[in-house]
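Visitor: Pasting a structure below so you can have a look.
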Amino acid sequence: MKKMILIGVGALALVGISVGASLFLTGALNKEPAAGAAVEEEVLPEEVFYYNVQPEFVVNFKGKSRVKFLMIEMVVASHDEEVPVVLSDHDPELRNSLLMLLAEQDSEELKTAEGKQALRDAAMARIDEVVSNHHKPERVLDVFITRLVMQ
């Protein structure tokens with residue numbers, strides 16, 4: 001009788017060790033953080049709202065030898081979902097401000113990457129000014145030039 005009990009206990013111990021080793025090796029036991037350890041939450045990126053300034057801008061500006069033309073499309077990005085609404089509601093003011101900015105540009109400067117970046121920065125300041133006048137300041141995240149043609 002003692003032999004049967006010892007064999008049963010040995011079999012149960014063997015099954016227990018087998019299950020424990022399998023869980024340990026697959027990492028199932030390591031899911032819980034240790035006591036006192038900080039739990040890191042997955043940080044989701046903030047949602048970005050875009051406003052496509054339409055129709056594209058076509059302006060003439062001074063070049064070295066003759067009048068030049070510039071066609072440009074811009075997209076405004078913001079984390080504030082109200083910014084596209086504000087820009088849409090105040091589209092005439094926005095377009096006027098950007099047209100004045102674009103007419104001031106120099107064709108030679110716009111040929112360089114630095115010139116294009118300077119235009120993006122200036123456009124962002126003008127767009128943010130419109131948003132600040134009608135909503136909240138510093139709501140524009142970025143301005144993207146999606147098409148630029150000079151002739």
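Visitor: Run the count for segment 58-151, please: Lys pairs, Cα-Cα under 17 angstrom, 8 or more apart or on different chains.
Guide: 5
Visitor: If you keep only loop residues by DSSP, which GluC sites (Glu not before Pro) in segment 106-151 have at most 13 other Cβ atoms within 10 Å of their Cβ?
Guide: Answer in residue order: Glu138.
Visitor: Sort all Cα-Cα distances of the chain into consecutive 10 angstrom bins from zero, then give the percent of pairs in each bin up to the one containing the longest distance.
Guide: 9, 27, 17, 9, 7, 9, 8, 7, 5, 2, 1, 0
Visitor: Would you mind computing Rg(Cα) / (2.2 N^0.38 Å) for segment 77-120, counting N as its residues?
Guide: So the Cα radius of gyration is 1.45 times the expected 2.2 N^0.38 Å.
Visitor: Moving on to the next point. Hey, what did the chain get for relative contact order, percent, Cα under 8 Å, at least 6 apart?
Guide: 25
Visitor: Give me the extension gain from Asp121 to Ser88: residue separation times 0.36 nm, minus the current Cα-Cα distance, reported in nm with one decimal.
Guide: 9.8 nm
Visitor: For helix 91-103, report the angle its Cα long axis makes with the longest principal axis of the Cα atoms of the chain; keep it between 0 and 90° and round to the nearest 10°.
Guide: So the helix axis and the longest Cα principal axis differ by about 70 degrees.
Visitor: In Å², what does the accessible area per residue of the chain work out to with a 1.4 Å probe?
Guide: That works out to 71 Å² per residue.
Visitor: Here is a further query. What is the sum of charges, Lys and Arg at +1 and Asp and Glu at -1, for the other residues whose Cβ falls under 15 Å from the Cβ of Phe57?
Guide: +1
Visitor: Still on this model: Take the Cβ-Cβ distance between Ala113 and Met71 as r, set R0 to 22 Å, and report the resulting FRET efficiency rounded to the nearest 0.05.
Guide: 0.70
Visitor: Between Val15 and Val58, with labels modelled 7 Å along Cα→Cβ, what's the label distance in nm to one decimal, could you check?
Guide: 8.2
The values are calculated or read from the model by the stated rules, or taken from the named source; none is laboratory data. No experiment lies behind these values; they were computed from the predicted model shown. Ideal geometry is used to build each Cβ from the backbone, glycine not excepted, and the neighbour counts take in all protein chains shown. Accessible surface areas use protein heavy atoms only, side chains included; no ligands, DNA or RNA. Shrake-Rupley method; radii C 1.70, N 1.55, O 1.52, S 1.80 Å.
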